[in-house]
Amino acid sequence: MSTAALIVTLGSVVLAALLALMMIPVLVWLERRIAGLIQDRVGPNRTNIMGFRLGGVIQSFADVIKLVFKEEYYPGHIQTGRALYILAPAITFSAALLAFMTIPFADTLHVSGEALRIQALPVDYGILWYLAIGALGIIGVLFGGWLSHNKYALLGTQRAGSMGLSYELPLGLAVVSMLLTYNTIDFNAMVAWQTQTVLGFLPAWGVVVQPLAFILFSVALFAETNRAPFNVVEGESEIVSGHMTEFSAMKFALYFMGEYIAMNSAAAVIITMFFGGYQLPYLSSAELIESFGTFSLALMVITPLIIYAFIRWMRRNNDVRSTLSHDGGRRFEARVLTIVLLIKLVVLELIFAYFAFAQPSALQTQIAVAVVQIAVFIVKLMLFNIFFIVVRWTLPRFRFDQVQRLGWYYLLPLGLLNIFITAIVIVGVGS
Amino acid sequence: MFDQFGLRFSGHPNLKRVLNHEEFIGHPLRKDYAITKGQYCTQTQDLMDEMAPLLTCKHLDMERDNLMLLNLGPSHPASHGTLRTLVALDGEEIKAGVSEIGYLHRGFEKSCENHTYNQIVPYTDRLNYCSALMNNIGFCKAVEEMMGIKLPDRGIFIRVILSELSRIIDHLVCLAAGLLDMGAQTNYWYLFNPRGLAYDFLSRLTGARLTNSFMRIGGMAHDLHAGWEAELESVLRSVESGVDESLRMSEHNRIFIDRTQNVSCVSGERAVNMGWSGPNLRACGVAYDLRFAAPYDYYDTFDFSMVVGSSGDTYDRLMVRFEEIKESLSIIRQAIKRIPQGAVSVADHAVTLPSKSAVYGTIEGAMNQFKLIFEGVKVPKGTHYGATEAANGELGFTIISDGSGTPYRVKVRAPSFIHMASYPKIIEGSQIGDAILTLGSLNIIAGEMDR
């Protein structure tokens, strides 16, 4: 392998690991913060490291430390299958993590004649990998629930198994209609297809071209990742924690993290297939590379405005009632973060100025475009995670037989119908 | 009867203890059982002595029909209070259910027998602890009826205001918990925020947030505090906005409707036969409300409607409570406008405590205080049943007095006890999720049920 290929592959693996694993504390924090905002309260804002609260993210790290140091308790009534009982959460966690690995974060780099994918696993059958490996997560749930030797866990497992199975079908059917539209199983090619325009002015994103498939796919993914309103598996008020009832400390943490990684992967796949992935709307990678000078200039103007607005918002909100004698270090934190952000702003401006005015080489432009696309991907990913979270805290939970009815009686026929319509349209447009 | 008094019924298929533990020896409500004698009981019962006959009666067999027994409670995230239901499940469907209560039995009725009437008032708080003032009012009203006392008008209006406020907060608890059981956790916050404000108001008025003990025989502890109108109005406005937000999230929500409609339907006739009352009964279509049927405390002069449902399903039981909150808000606002000035307690020195200046300043005041505190308010000999429309239904007190300041016997007709008795019957055939929602919609308060 050439050095470029090596660097790119390693970088992609690190990026994927970061995006999957580092996202967990961020997602936990987002969940709690957004839950708080929806519920008319603030959410976690006390845990701090020397006064730095960072909006409450430190709480997630405190949670991680707590789970790591918690006592590993093995219930006495679980006598058989101890090894598998301990291994089951790890299976779910690994399956979720692996499923994330074929998502492209930026367009393929062309360096000295080589095409280097910005994917942790640089394969071209991304969607098939995701469907196959993602479905393996259910095995961990089944093992854990069965070996817990607990009736509530049994109920939860039964629900998880049958629900996971039922919603694989609408999921697969929605994917089939997308494959017909994009004519490829490669995530990168799908994203490239979405840079076209439809009707002259709409970006040809999956959601515009195939709205029904988007709805089917999203609902099926909500059910596959056991997120509300489909969280009958862990329906707290009915079956305590379902399959996770008898798990504590790190075992529970692995299930917990596996769920968040799965939600993250689901959001990533949705944006790759339906929302243009890492692309900005209307701009394909080639166009972006050509016009990167103007783009940098635009960024030079916009970035200071965004950072200024953020600093003002942060200083206004990171404050306490004036009657309190001690603000817990919040004003200090706000000041330090302001300085850090301003330094970052200066650095960014210098970089943008270089790309706007100096003559960068083709390789440098390509790398810069890749970085911009990664940033766009992360922004879209966060938006979709927020969507998952907002839906959870708004809707009540389905009953289990209603979940099954929805999957088999409504989503499955709709999926089939969508495939027929897609095929007819493609043949009609093609001829 | 058997449990508390030792009355044996011949031919009874399964004479067992309901409120006390099965290992308990003796019958507590008998006069020969010392009130201070406690017993230490440890064993749990597996309820198979009730479940087995039920299964045979339904021609079900554990092995053949592949039934799984599951304990819902007593420690379960969804059981409101310590309630235990043993269900026989076929997959997710409940084929048979048996309930066990008594986890919160504290011997209220026995305690009444050596306390004076005013000393019983704090005990009544702990019956339906979600709407404590209504229990106070119910008890005091029953005693006052026995004594033939009528409160001054201001006292009556204050009782109406506090009663309706307690009804509001009780319904808010039921609704918030019911929606929480469904997974709609945000409603819990929207509906409990006004409760916080109501508690602030009550704590400023009575000194306690939850167990107020504000009412006395013949009136109440003291008058309303200065500035109460503005504070109460802000509480009411916050209730309105919370209920409005919660309804906007739930009323037309397809998932909410699918979860609650046609779940555990109870017909009006069946409800009456089972002895239901309150919002549960009205949700079944039976238009019976003690405030209309036998008006007390000037309720017939207020302009409000009875909220009646149609099909008696969980949806109706929850929606009736939402609407009753709105009716109660209207009643409180009318009462605030109409409340007269004057005394709040009846001016009878044999009933109401004298003023503190008289107690510390005059010998008659001190003697009056002494007699009333030590011997209690003397209630004429006799038996009386007095009922009010509490938040859960008809809360009745049967008081047998022997002419002294402590009652001979007090019996509470707790609506939750009667509703819980019918719970295993109405969940048969529904799924676990439905059973949990039904329990929430019945608003079983363990304190009231177990006494």
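Bear in mind that the values in this text are calculations on the coordinates, not laboratory data. Everything quoted here is computed from the prediction, not taken from an experiment. Every residue, glycine as well, gets a Cβ built from its backbone with ideal geometry; the counts of neighbours run over all protein chains shown.
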- Could you please tell me the mean projected area of the C-alpha convex hull for segment A:105-201, averaged over all directions and given in square nanometres to one decimal? 9.2 nm²
- Computed label-point distance, nm, for sites residue A:391 and residue B:240 using a 7 Å Cα→Cβ extension: 3.6 nm
- Task: With 10 Å bins from zero, work out the P(r) of segment B:75-156 over every alpha carbon pair and list the percent per bin.
- Result: 14, 32, 24, 17, 10, 3, 0
- Item | Computed Rg/Rh of segment A:334-404, alpha carbon atoms with Kirkwood Rh | 1.28
- Considering only DSSP states other than H, G, I, E and B, which chymotrypsin sites (Phe, Trp or Tyr not before Pro) in segment B:1-56 qualify as loop sites with at most 13 other Cβ atoms within 10 Å? B:9, B:40
- Go ahead and estimate [θ] at 222 nm for the protein assembly as shown from helices alone: -39,500 (n - 2.57) per DSSP H run with n ≥ 4, summed, over the residue count, rounded to 500. -18500 deg cm²/dmol
- Message: Could you tell me what a quarter of the Cα convex hull surface of segment B:1-128 works out to, in nm² with one decimal place?
- Response: 10.2 nm²
- Task: Give the Kirkwood hydrodynamic radius (Å, one decimal) of segment B:144-212, defined as one over the mean of 1/r across all pairs of different Cα atoms.
- Result: 13.8 Å
- Message: With bins 5 Å wide starting at 0, give me the P(r) of segment A:117-157 over every alpha carbon pair, in whole percents.
- Response: 5, 21, 18, 13, 11, 10, 9, 8, 4, 1
- Computed over all unlike Cα pairs, the Kirkwood hydrodynamic radius of chain B in Å stands at 23.2 Å
- Just need the Rg to Rh number for segment A:286-391, please, alpha carbons only, Kirkwood Rh. 1.11
- Residues in segment B:341-374 reached by a label modelled at residue B:233 [backbone nitrogen below 18 Å; 7 Å Cα→Cβ]: B:341
- Task: Could you sort A:161-170, A:353-362 so that the peptide with the highest average Cβ count within 10 Å comes first and the rest follow in order?
- Result: A:161-170, A:353-362
- Query: Quick one: if the Förster radius is 56 Å, what FRET efficiency do residue A:80 and residue A:332 give, using the C-beta to C-beta distance and rounding to 0.05?
  - Reply: 0.50
- Top mean-square fluctuation among A:26, A:369, A:340, Gaussian network model of chain A, C-alpha springs under 10 Å? A:340
- Query: Between residue A:90 and residue B:31, what is the label-to-label distance in nm when each label sits 7 Å out along the Cα-to-Cβ direction?
  - Reply: 7.2 nm
- log₁₀ I(q)/I(0) of segment A:62-165 at q = 0.20, 0.21 Å⁻¹, via Debye over equal Cα point scatterers, no solvent, to two decimals? -1.04, -1.08
- Item | Square roots of 5 times each gyration tensor eigenvalue, C-alpha, segment A:187-298, largest first, Å | 39, 17, 9
- residue A:367 to residue A:420: FRET efficiency via 1/(1 + (r/R0)^6), r the Cβ-Cβ distance, R0 51 Å, to the nearest 0.05? 0.70
- Separation of alpha-carbon centers, segment A:336-407 and segment A:191-265, rounded to whole Å: 18 Å
- Message: Normalised radius of gyration for chain A, please: alpha carbon Rg relative to 2.2 N^0.38 Å, two decimal places.
- Response: 1.06
- Note on the structure: Rounded to whole angstroms and listed largest first, the alpha-carbon spread of segment A:34-103 along its three principal axes comes to 46, 37, 28
- quick shape note, the protein assembly as shown: Cα extents on principal axes in Å, largest first -> 107, 70, 54
- Task: Please list the helices of chain A that count as membrane-span-like by this rule: a mean Kyte-Doolittle hydropathy of at least -0.5 together with Cα atoms stretching 30 Å or more along the helix axis, each helix being a complete DSSP H run.
- Result: A:126-147, A:151-182, A:249-274, A:292-317, A:330-357, A:362-394
